[in-house]
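The values are calculated or read from the model by the stated rules, or taken from the named source; none is laboratory data. Note that the structure is a prediction, hence the values are computed from the model and not measured. Backbone-built Cβ (ideal geometry, glycine too); neighbour counts: all protein chains shown. Ligands, DNA and RNA are stripped out before the accessible areas are found, and what is left, the full protein with its side chains, is counted by its heavy atoms. Shrake-Rupley method; radii C 1.70, N 1.55, O 1.52, S 1.80 Å.
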Amino acid sequence: MIHIVGIGPGSPELMTGAGALLIQKADVIVGSKRQLGEIPQDNPAERKLLPTQLSELEAFLLERIGHDIVLLASGDPLIYGIGNWALQKFPPEQLQIVPGISSIQYLCSRCGIAMNDLYMTSSHGKQPDFDFLLAHPKVAMVTDSKLGPAEIAQEILRRKLHKTLVIGENLSYPDERLHRLKPEQVAARYDMNVVVILDEG
Ligand SMILES: C[S@@+](CC[C@H](N)C(=O)[O-])C[C@H]1O[C@@H](n2cnc3c(N)ncnc32)[C@H](O)[C@@H]1O
């Protein structure tokens, strides 16, 4: 069985009890270097660094399908995470998805932003349709190094819209930083971040 465990935004305290139990009982744990680094040293499971190629990951998982495999996913596995890939590759009887606290949920909680009617999206590997996105009063975006707060701010300024950007960097880590800015105040670079774009003058 493949258990895809959402580990939350990063701090081990934010993982669910169900996820922690599956990690304790796992035969194999797959994750990034940082994620595997958070697994207690005395956990006897085989550890596998997440391959860069998903085809390699698929082959690895298929080889061990009779074992309890935990695949660690940041945040929630089904919010722009590895869970979406796994749903397409493995039948339901081989797959268990364990939800986690998304970085989007965490940022909204930290900044007191109601999530009702929030439109969630990602800039990973794609050029978002900003005319569509900025027509929404409340948008949350997980970003990558190519398209982040500065590029979003430029798109808002180009359209002369009145928006506020809430930016959360390194969420739940000791160096977490939160910003609430007008587009013209947004800096060129931020660490790993989530952005919420709000209709506020
Ligand atoms: C592939 S997406 C995965 C999103 C994840 N499934 C979730 O629900 O949070 C990775 C992106 O999530 C955001 N992210 C994840 N953890 C974060 C954190 N601790 N602080 C800030 N952003 C984070 C960043 O935008 C990062 O580039």
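Structure summary
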{"read-out": "3J(HN,Hα) from dihedral phi, segment 179-186, Karplus parametrisation 6.51/-1.76/1.60, rounded to Hz, x for glycine, proline", "value": "9, 10, 9, 7, x, 6, 9, 6"}
{"read-out": "Candidates Q127, Q35, Q105, ranked by Gaussian network fluctuation over the chain, Cα under 10 Å, top entry", "value": "Q127"}
{"read-out": "Inter-probe distance in nm under a simple model that places probes 7 Å from Cα toward Cβ, at S11 and Y119", "value": "3.1"}
{"read-out": "Between segment 100-136 and segment 1-48, the alpha-carbon center distance in angstrom", "value": "26"}
{"read-out": "Accessible area (Å², 1.4 Å probe, nearest 10) - V194", "value": "10"}
{"read-out": "Cα-based convex hull volume of segment 40-152 per residue, rounded to whole Å³", "value": "160"}
{"read-out": "Kirkwood-Stokes translational diffusion coefficient of segment 118-182, alpha-carbon pairs, 10 °C, 1.306 mPa s, µm²/s", "value": "126"}
{"read-out": "Helix-derived mean residue ellipticity, 222 nm - over the chain, DSSP H n ≥ 4, -39500 (n - 2.57), to 500", "value": "-7500 deg cm²/dmol"}
{"read-out": "Within segment 135-153, backbone nitrogen closer than 14 Å to the virtual label 7 Å beyond the Cα of D129 toward Cβ", "value": "135-136"}
{"read-out": "Dimensions (Å) - segment 1-44, Cα atoms, principal axes, largest first", "value": "24, 19, 17"}
{"read-out": "The chain - Rg over Rh from alpha carbon coordinates, Kirkwood radius", "value": "1.01"}
{"read-out": "Solvent-accessible area of F60 with every protein chain in place, 1.4 Å probe, in Å² to the nearest 10", "value": "20"}
{"read-out": "Loop-located trypsin sites (Lys or Arg not before Pro) in segment 78-138 whose Cβ has at most 16 other Cβ within 10 Å (DSSP)", "value": "K126"}
{"read-out": "Surface share of carbon and sulfur [accessible, 1.4 angstrom probe, percent] for the chain", "value": "53"}
{"read-out": "F60-A188 pseudo-label distance in nm [points 7 Å out on the Cα-to-Cβ vector]", "value": "3.6"}
